[in-house]
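Structure first, then comments.
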Amino acid sequence: MIEEQLEELLVDEELEEVLSGYTSSIVVYNDDHNTFEWVIESFIYVLSHSSAQAEQLAFLIHFKGKANVKSGALDELKGFKDALIDRGLSAVIE
């Protein structure tokens, strides 16, 4: 019984290690309440995007319904996603 629990714990730790290095993306979805200016400002402030890059992403979101706005390791993206959500954007990590 103890061996089974230890084995499960090791599998969980290995899975966490694999996922933390996995390349994921933050996807932001279009909504009806955030302005272009606010979305652009949020991408510049939170993600350190240039104004041109932020503007292009805002237009992609508007016309396509969503856009990948940042890629990286899962553990690195969590803070960015949370900051975008705190600013009212619809963001998820995929």
As straight-line cross-link partners of LYS78, the qualifying lysines (C-alpha separation under 22 Å, not fewer than 8 residues apart within one chain) are LYS66, LYS70
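Considering only the other residues whose Cβ falls under 11 Å of the Cβ of VAL39, what net charge follows from Lys and Arg at +1 and Asp and Glu at -1?
-3
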Spelling it out for LYS66: with amide H atoms placed in the peptide plane at 1.01 Å from N, the residues 5 or more places away or on another chain with amide H under 5 Å from its amide H are ASN30
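Quick check for you: with a 1.4 Å probe and neighbouring chains kept, what is the accessible area per residue of the range 37-94, in Å²?
Working: 3410 Å² over 58 residues.
Per residue, the range 37-94 has 59 Å² of solvent-accessible surface.
The values are calculated or read from the model by the stated rules, or taken from the named source; none is laboratory data. Computed from a predicted structure; not experimentally measured. Cβ atoms come from the backbone with ideal geometry, glycine included; neighbour counts cover every protein chain shown. For the accessible areas, the whole protein counts, side chains as well, though only heavy atoms, and no ligand, DNA or RNA atoms are used. Shrake-Rupley method; radii C 1.70, N 1.55, O 1.52, S 1.80 Å.
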